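K.L.:
So that we are looking at the same thing, I have put the structure below in structure tokens.
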Amino acid sequence: AVRSGPGAGPAELGAALAAAGLPRTLVVASALGTADERVERLSPAEAAARTWPDEVSVVLCLDASRALAGAPRALAGPRRPPAGWALPEDAFAHRDSMITKYEVRALALARLGPRPGDLVWDVGAGSGSVAVECARLGAAAVAVERTADGAERCRANAAAHGVDLQTVHGTAPGVLAGLPEPDAVFVGGGGRELEAIVSACALRARRTVVVTLAALDRVPAVRAALGAAGLAADGVLLQSSRLAPLPGEVVRLAAGNPVFVLWGTRPGTEGASS
């Protein structure tokens with residue numbers, strides 16, 4: 001439910017939803033409490049094409065696939081959080097183990113702090129595991145992926161976990177210009193454009209940017225990009241070894257590749273609500 005105002009009415013909301021491709025129904029309540037009161041149901045595209053009066057009061061955004069059952073139900077309190085997070089890699093479809101490992105994802109999620117009301121970008125999403133986990137924790141999430149098969153994989157993983165995820169097929173940092181301002185951003189992977197991507201994300205993130213990378217050589221540039229955007233930079237080198245079974249009912253430690261997890265936080269936003 002959105003209390004409308006100048007620049008945030010049915011037309012703007014409808015245009016954004018239509019561009020995102022999310023199947024929704026809008027219920028627009030105009031001039032509530034007056035003789036001209038009206039309530040209309042429209043698609044996002046229909047709402048975007050209309051010219052609306054200033055007296056619009058409330059816009060409801062409905063997802064028909066999540067409608068409550070016909071039997072009476074009582075609902076109270078906040079939405080229950082998921083039973084688990086930092087899910088194992090096999091909970092997601094991925095290519096050639098190209099997925100953020102769950103130990104790394106756990107720390108990234110802790111620094112991102114996704115919650116209802118937040119918008120999180122997952123840039124270089126790959127399988128979309130970070131974006132999906134953010135959506136499971138109540139945030140709105142956008143997965144940005146440059147490959148067509150990766151973008152499709154993100155959509156499939158979102159559907160498998162029953163969450164909404166806007167997937168943007170395009171190359172960062174250029175494609176980021178058309179996205180709404182994020183509260184938090186996760187940047188995974190590397191590539192020649194990493195510094196430019198981190199800079200673009202750090203300039204626009206309201207709260208924090210988290211970056212994972214394997215190459216030591218790129219750490220100074222990423223820290224500098226975070227600092228240049230006014231974020232307080234910090235980070236760790238994360239090394240973990242998993243228990244792996246051996247014959248004879250014994251286990252060994254199987255070491256994973258070390259990963260740098262860097263983050264930048266905008267001063268004054270630690271623990272703040274959106």
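K.L.:
Roughly what would the spin-label model give for residue 253 and residue 216, points 7 Å off Cα along C-beta, in nm?
P.N.:
2.0 nm
K.L.:
Can you give the convex hull volume per residue for the Cα atoms of the chain, as a whole number of Å³?
P.N.:
176 Å³
K.L.:
For the stretch 136-182, what are Rg and Dmax over the alpha carbons, in angstrom?
P.N.:
11.0, 29
K.L.:
Further question: Rounded to whole Hz and in sequence order, give me ³J(HN,Hα) for the stretch 195-205 from the Karplus expression 6.51 cos²θ - 1.76 cosθ + 1.60, θ = phi - 60°, writing x for Gly and Pro.
P.N.:
Values, residue by residue: 4, 5, 5, 4, 4, 4, 5, 5, 5, 9, 5 Hz.
K.L.:
When the convex hull of the Cα atoms of the stretch 166-221 is projected onto a plane and the area is averaged over all directions, what value comes out in nm²?
P.N.:
4.0 nm²
K.L.:
Let me spell out the model: positive unit charges on the Cβ of Lys and Arg, negative unit charges on the Cβ of Asp and Glu, origin at the Cα centre of the stretch 158-273. What dipole size does that give, in debye rounded to 20?
P.N.:
Its charge dipole is roughly 140 debye.
K.L.:
Of the beta bridges DSSP finds with both residues in the chain, what % are antiparallel, to the nearest 5?
P.N.:
Around 65 percent antiparallel, to the nearest 5.
K.L.:
Around residue 58, which amide H atoms from residues at least 5 apart in sequence, or from another chain, sit under 5 Å from its own amide H, with H modelled in the peptide plane?
P.N.:
Amide H neighbours of residue 58, under 5 Å, 5+ apart: 4, 29.
K.L.:
For a quick protection proxy, order the peptides 203-209, 223-229 by their average other-Cβ count within 10 Å, most packed first.
P.N.:
Per-residue mean Cβ counts within 10 Å order the peptides as 203-209, 223-229.
K.L.:
Could you pull out every residue, at least 5 positions away or on a different chain, whose amide H is within less than 5 Å of the one on residue 141? Hs are placed 1.01 Å off N in the peptide plane, and Pro or chain starts have none.
P.N.:
Amide H neighbours of residue 141, under 5 Å, 5+ apart: 120, 166.
K.L.:
Find how much the distance from residue 31 to residue 19 grows on full extension, using 0.36 nm per residue of separation minus their present alpha carbon separation; answer in nm with one decimal.
P.N.:
Length gained, residue 31 through residue 19: 1.6 nm.
K.L.:
Sticking with this structure for a sec: Taking θ as phi - 60°, what are the ³J(HN,Hα) couplings along the stretch 23-37 by the Karplus curve (6.51, -1.76, 1.60), each to the nearest whole Hz, with x for Gly and Pro?
P.N.:
Per-residue couplings from phi come out as x, 9, 10, 9, 10, 9, 9, 10, 6, 4, x, 10, 5, 9, 4 Hz.
K.L.:
Continuing with the same structure: Put a dot 7 Å past each Cα toward the Cβ at residue 228 and residue 241; how far apart are the dots in nm?
P.N.:
4.0 nm
K.L.:
Once amide H atoms are placed 1.01 Å from N in the peptide plane, what residues at a sequence separation of 5 or more from residue 189, or on another chain, have their amide H within under 5 Å of its amide H?
P.N.:
Excluding prolines and chain starts, which carry no amide H, the hits are 212.
K.L.:
Right, next: Over the stretch 178-274, what lengths in whole Å, largest first, do the semi-axes of the equivalent ellipsoid take, defined as the square roots of 5 times the eigenvalues of the alpha-carbon gyration tensor?
P.N.:
Each semi-axis is the square root of five times an eigenvalue, giving 32, 16, 12 Å.
K.L.:
From the phi of every residue in the stretch 141-146, what ³J(HN,Hα) in whole Hz does the Karplus formula 6.51 cos²θ - 1.76 cosθ + 1.60 yield, where θ is phi - 60° and glycine or proline is x?
P.N.:
Each residue of the stretch 141-146 in turn: 9, 10, 9, 10, 9, 7 Hz.
K.L.:
Further, regarding this structure: Rounded to the nearest angstrom and ordered from largest down, what semi-axes does the equivalent ellipsoid of the stretch 34-182 get from its C-alpha gyration tensor (root of 5λ)?
P.N.:
Equivalent ellipsoid of the stretch 34-182: 32, 21, 14 Å, largest first.
Read-outs: derived from the displayed coordinates by stated rules, not from any lab. The structure presented is a predicted model; accordingly, all values stated were derived computationally and were not measured. So basically every Cβ, Gly included, is an ideal-geometry build from the backbone, and we count neighbours across all protein chains shown.
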